Amino acid sequence: MGLLFDKEFDEILSGQIIALIAGLISGVFLAFQTDKLLLIPAMLILIPGFLEMRGNIEGSLSSRLSSGLFLKLIKPKLENTEIIKGNIIASFVLSIIISLVLGYIAFIIEYVALGIFYPKIIVIALIAGAISNIIGIIFSVSLTFYLFKKGHDPNNMMGPSITSLGDIISILSLMFVVVFI
Amino acid sequence: MSLNHKLKKLMNVKKRELHPLIKHVHKKHNISKKTLFYVKEYCSNKNVTSVIIRESIKVLILASIISAIGGFRLESLKDKFVLILPILILFPVLNGMIGNYSIIFSSRYSTMIHEGKIVDNPFKCKELRKLLYHLMIIGVFTAVLAGIFSLVFAGLKGFDTSISSTFNVLLITMIDVILVSTVLFLVLSYVGKYIYKKKEDPNNFLIPISTSIADLLNIVTLAALTNLFFF
């Protein structure tokens, strides 16, 4: 039993507790803003993919930067080098494309399966995707460099941090766009 | 040929080619294969953005479609779903948690495959079994915590936290985590082995796809259990 509860167990547990707290914050935002957010047609089709996009795009960005840092091909500071610039631009372009794809899928499913015509969901997905990804990319790049400078392996810590913070940023940006559009 | 010249040549090698130069430079100049792979993939000025977009776009679109299928299930049950506030609060929590488990499992399992620790039946590997115990114990513990907190927050918003609804929420949370994690780990174990047999790196496929499958399974299971226990 002692062998089971080792350092590895503690590392996974602490990461999951952070994810749990962040998830609860997002869930509470969702529950307390039900009228503004969830009653919008197709919003629930959009949300799972929208929340997941952050981890998929920014998680990979952080992982690529970490590899470059360890291989000493990238310096841990924001420089105008082709690798850093290319990574940031690619992540942003991907996030815009995927936001549009998610918006279109949500619109089409809602229209075809439920007969509700609501094209505004595409605009909501696009703007909220752009806002949340700008914040998410800045956070991912800065934190990856910061952790590396402090002697940590960003690979071990960025995954739960990005997915956790990403959930909160995503829900807040969706709420922001829904309120202001 | 100088090292600089060799590296420049390597940058122009097409993505799918495992160029013999990598082996040659690695042996002659003692530069690790990982570094050379990174140089080949990302160090050519014209390449970085387009390489990343080209390699990621297909799997990201596939992940979006899988997530939207789960979302459609939620949308069709929306009227019922918004009434059970603890489940609504639990939805991003469980999605995130199970997604994290699948990422941990995928990356660790891929490393075990590369290290030759998975030979025939994946579950005969002691290290994998230990990882599964860890994930299951932590999964159930955090699920119960999440269930309790969701009930507290839902209670603050006026949800009736009677004994039966409290019991139902906790039961739904535990069944969801155990069921989804078990199915997910089983599927990923065999898919990972299959991908490795096809001479592909399981890391590149398992991680992005596992979070989408985790999302889909979680949504479908959560919706079915909510329907079963509350309506």
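Which numbered condition in (1) in contact (Cβ under 8 Å) with a residue 60 or more places away in the chain; (2) surrounded by fewer than 16 Cβ atoms within 10 Å (Cβ to Cβ); (3) at the interface with another protein chain (Cβ under 9 Å from one of its Cβ atoms); (4) not hydrophobic (A, V, I, L, M, F, W, C) is the only one that residue A:59 fails?
Of everything listed in (1) in contact (Cβ under 8 Å) with a residue 60 or more places away in the chain; (2) surrounded by fewer than 16 Cβ atoms within 10 Å (Cβ to Cβ); (3) at the interface with another protein chain (Cβ under 9 Å from one of its Cβ atoms); (4) not hydrophobic (A, V, I, L, M, F, W, C), residue A:59 misses just condition (2).
Checking the structure you have, find out if any residue of the range A:136-150 is closer than 22 Å to residue B:78 by Cβ, modelled with pLDDT of 85 or more and outside any loop (DSSP other than H, G, I, E, B).
From the range A:136-150, those closer than 22 Å to residue B:78 by Cβ are none; that's our starting set.
So far as the range A:136-150 goes, no, none of its residues is closer than 22 Å to residue B:78 by Cβ, modelled with pLDDT of 85 or more and outside any loop (DSSP other than H, G, I, E, B).
Go through (1) touching a residue at least 60 places away in the same chain (Cβ under 8 Å); (2) surrounded by 15 or more Cβ atoms within 10 Å (Cβ to Cβ); (3) touching an Asp or Glu at 6+ places or on another chain (Cβ under 8 Å) for residue A:116 and report which single condition fails.
(2)
With the condition kept exactly as written, say whether any residue in the range A:103-116 is outside any helix (DSSP H, G or I), out of contact with any Lys or Arg (no Cβ under 7 Å at 6 or more places or on another chain) and under 21 Å from residue B:75 (Cβ atoms).
Scanning the range A:103-116 turns up at least one residue that is outside any helix (DSSP H, G or I), out of contact with any Lys or Arg (no Cβ under 7 Å at 6 or more places or on another chain) and under 21 Å from residue B:75 (Cβ atoms).
Within the set of pairs 6 or more residues apart or between chains, which connect a residue that is facing another protein chain (nearest Cβ under 9 Å) and within 15 Å of residue B:57 (Cα to Cα) inside the range A:76-95 to a residue that is small (Gly, Ala, Ser) and surrounded by 16 or more Cβ atoms within 10 Å (Cβ to Cβ) with Cβ atoms less than 7 Å apart?
What qualifies is A:94/B:56.
Of the residues in the range A:23-52, how many are more than 7 Å from every other protein chain (Cβ to nearest Cβ) and buried (at least 22 other Cβ atoms within 10 Å of the Cβ)?
Number of matching residues: 2.
Restricting attention to the range B:154-173, report how many residues are loosely packed, with under 15 Cβ neighbours inside 10 Å, in contact (Cβ under 8 Å) with a residue 12 or more places away in the chain and in a helix (DSSP H, G or I).
Here the count works out to 1.
Can you find even one residue in the range B:191-211 that is within 19 Å of residue B:141 (Cα to Cα) and surrounded by 15 or more Cβ atoms within 10 Å (Cβ to Cβ)?
no
I need the full set of residues from the range B:53-85 which are acidic (Asp, Glu) and within 7 Å of another protein chain (Cβ to nearest Cβ), in order please.
B:75
More than 11 Å from every other protein chain (Cβ to nearest Cβ), of a type in the set (S, T, N, Q) and not in a helix (DSSP H, G or I) - does that describe any residue in the range A:161-178?
Among the residues of the range A:161-178, not one is more than 11 Å from every other protein chain (Cβ to nearest Cβ), of a type in the set (S, T, N, Q) and not in a helix (DSSP H, G or I), which makes the answer no.
Limited to the range A:62-75, what total is found for residues that are facing chain B (nearest Cβ under 7 Å) and either outside any helix (DSSP H, G or I) or within 22 Å of residue B:69 (Cβ to Cβ) (or both)? Step through it out loud before you land on a result.
Filtering the range A:62-75 down to residues facing chain B (nearest Cβ under 7 Å) leaves A:67-68, A:71, A:73.
In the following step, the residues that additionally are either outside any helix (DSSP H, G or I) or within 22 Å of residue B:69 (Cβ to Cβ) (or both) were identified as A:71, A:73.
Within the range A:62-75, residues that are facing chain B (nearest Cβ under 7 Å) and either outside any helix (DSSP H, G or I) or within 22 Å of residue B:69 (Cβ to Cβ) (or both) number 2.
In the range A:11-53, which residues are free of Cβ contacts under 8 Å to residues at least 12 places away in the same chain and among the β-branched types (Val, Ile, Thr)?
Matches in the range A:11-53: A:12, A:17, A:28, A:34.
Hey, could you check the range B:82-111 for residues that are crowded, with 24+ Cβ neighbours inside 10 Å and among the hydroxyl-bearing types (Ser, Thr, Tyr) and say which is farthest from residue B:214 (Cα to Cα)?
Checked the range B:82-111; the qualifying residue farthest from residue B:214 (Cα to Cα) is B:109.
If residue B:225 satisfies all but one of (1) within 18 Å of residue B:81 (Cα to Cα); (2) of a type outside the set (Gly, Ala, Ser); (3) surrounded by 23 or more Cβ atoms within 10 Å (Cβ to Cβ), what's the number of the condition it fails?
(3)
Do we have residue A:91 as within 28 Å of residue A:102 (Cα to Cα), hydroxyl-bearing (Ser, Thr, Tyr) and modelled with pLDDT of 85 or more here?
Yes: the conditions hold for residue A:91.
Quick check on residue A:122: is it surrounded by fewer than 23 Cβ atoms within 10 Å (Cβ to Cβ) and either within 9 Å of chain B (Cβ to nearest Cβ) or assigned to a helix (DSSP H, G or I) (or both)? Steps first, please.
Details: surrounded by fewer than 23 Cβ atoms within 10 Å (Cβ to Cβ): yes; either within 9 Å of chain B (Cβ to nearest Cβ) or assigned to a helix (DSSP H, G or I) (or both): yes.
Judged against the criteria, residue A:122 is a match.
Please count how many residues of the range B:86-118 are more than 11 Å from the chain's Cα centre (by Cα) and either among the hydroxyl-bearing types (Ser, Thr, Tyr) or within 21 Å of residue B:141 (Cα to Cα) (or both). Spell out how you get there, then give the answer.
Initially, the range B:86-118 is screened for residues more than 11 Å from the chain's Cα centre (by Cα), giving B:86-94, B:108-118.
Pick out the ones that are also either among the hydroxyl-bearing types (Ser, Thr, Tyr) or within 21 Å of residue B:141 (Cα to Cα) (or both) and you get B:86-94, B:109-111.
Result for the range B:86-118: 12.
Answer yes or no: is there a residue in the range B:152-161 that is within 14 Å of chain A (Cβ to nearest Cβ), modelled with pLDDT of 90 or more, under 18 Å from the mean Cα position of the chain (by Cα) and within 29 Å of residue B:231 (Cβ to Cβ).
No, there is no match, as no residue in the range B:152-161 is within 14 Å of chain A (Cβ to nearest Cβ), modelled with pLDDT of 90 or more, under 18 Å from the mean Cα position of the chain (by Cα) and within 29 Å of residue B:231 (Cβ to Cβ).
What residue, of A:104, A:111, is of a type outside the set (Gly, Ala, Ser), more than 22 Å from residue A:60 (Cβ to Cβ), over 14 Å from the mean Cα position of the chain (by Cα) and within 11 Å of chain B (Cβ to nearest Cβ)?
A:104
The values are calculated or read from the model by the stated rules, or taken from the named source; none is laboratory data. Owing to the predicted nature of the structure, the values given are computational and were not obtained by experimental measurement. In this analysis, Cβ positions are derived from the backbone assuming ideal geometry, glycine residues included, and neighbour counts consider all displayed protein chains.
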